[in-house]
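Down below is the structure, laid out as structure tokens.
The values are calculated or read from the model by the stated rules, or taken from the named source; none is laboratory data. This is a predicted model, so every value here is computed, not measured. Methodologically, a virtual Cβ is constructed for each residue, glycine included, from the backbone with ideal geometry; neighbour enumeration extends over all protein chains shown.
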Amino acid sequence: MSNTHNFYSVANIKNVPYAIQEAIDFKKIAKPQIGLGKTMVLLFFNSSLRTRLSTEIAARNLGMNVISLDMSQSWKWEMEEGVTMRFDTAEHIKDAAKVISGYADIVGIRAFPSLTDKVADYQDDLLQKFMHYADVPVVNLESAIRHPLQSLTDMMTIKEYQKIEKPKVVLSWAPHPKALPQAVSNSFLEWAVAAGHEVTITHPKGYELDDEFTQGHTVEYDQKKAFAGADFVYTKNWSSVSQYGKILESSDKWRIDKDLMSLTNEANFMHCMPIRRNVVATDAVLDSPNSLLYKQAKNRLHAAEYVLTKLLKNG
Ligand code: CP
């Protein structure tokens, strides 16, 4: 990990292939109690099952105390400097960051995008400002544009299940009734390139991801062509970037089913979860022996243990 002492993005990892292998190896050893006497505070501005549980359990496994806060029950933060706070914001982010830094040794934050203002969302204001003001390491538990703990997990899972040195990895868009963030897909792509994978991205026209994240990968608009010979199919819905936050396609045409999977090289199916069954992918795919859903979810715990250990050692 770099000397920034945060875990915000892949840029905080010095040698990504080495870190992925080290995180896999770390699964096998008894966890060092290097968090004894230290506290982790987790701030959730949005819902979570896997991230909250895996991060809490990981911190406890390292000996830490953990407190999770549902931020809908806390004071609304002011993000701008110099504002006369007469209206609905009750606490400035810099005051909150300084106060929390006095209680916690590591802080984790989940804060999703608005999906209404691309410029503001892609500045990742809340995470960036909190990291700027905080005096302790900050872990990104899914920000407006990135989900690095998920991506480290995904890279670990691919490494564990790949049968050849250069597997064909496909990132496929799939339908969803709600407009979802691009964070998981953005992060997956920036981690994949750092891990040495050139990903084939497939999605309907209008769903192109931001250039910042697609560099080093290829786009194939024909989903069937993209699936041909794939070793891993990573599925995710995201809303449009160009027509920011909009749903442009909702038919079942892009849903992952057995017929699509039959075009692959007996590919493993991956998804970060939660997944809407028979909307994103059919039961037959999700419950097939090639589905890595639960192994991937379990790796969230190991990725969190690895990252927290590194932050505790650096601190
Ligand atoms: N994959 C993931 O982040 O799951 P949660 O939203 O349940 O935390």
Q. Could you give every pair whose Cβ atoms fall below 7 Å, whose first residue belongs to the stretch 184-207 and is in the same structural domain as F227 (by TED's automatic domain parsing) and of a type in the set (D, E, K, R), and whose second residue is surrounded by fewer than 24 Cβ atoms within 10 Å (Cβ to Cβ) and outside any loop (DSSP other than H, G, I, E, B), counting only separations of at least 6 or pairs across chains?
A. E190/V10; E190/F213; E198/T218
Q. What number goes with the only condition from (1) within 16 Å of the ligand (Cβ to nearest atom); (2) in contact (Cβ under 8 Å) with a residue 12 or more places away in the chain that Y294 does not pass?
A. (2)
Q: Starting from residues that are surrounded by fewer than 19 Cβ atoms within 10 Å (Cβ to Cβ) and among the β-branched types (V, I, T), keep the ones in the stretch 110-166 and report whichever is farthest from the ligand (Cβ to nearest atom).
A: I164
Q) Taking the stretch 34-65 as the region of interest, how many residues are touching an Asp or Glu at 6+ places or on another chain (Cβ under 6 Å) and either at pLDDT below 95 or within 11 Å of the ligand (Cβ to nearest atom) (or both)? A) 1
Q. Would you say D283 is charged (D, E, K, R), in contact (Cβ under 8 Å) with a residue 12 or more places away in the chain and away from the ligand (no atom under 16 Å from the Cβ)?
A. no
Q | Residue list for the stretch 297-307, restricted to those being within 14 Å of the ligand (Cβ to nearest atom) and of a type in the set (D, E, K, R) | A | K298, R300
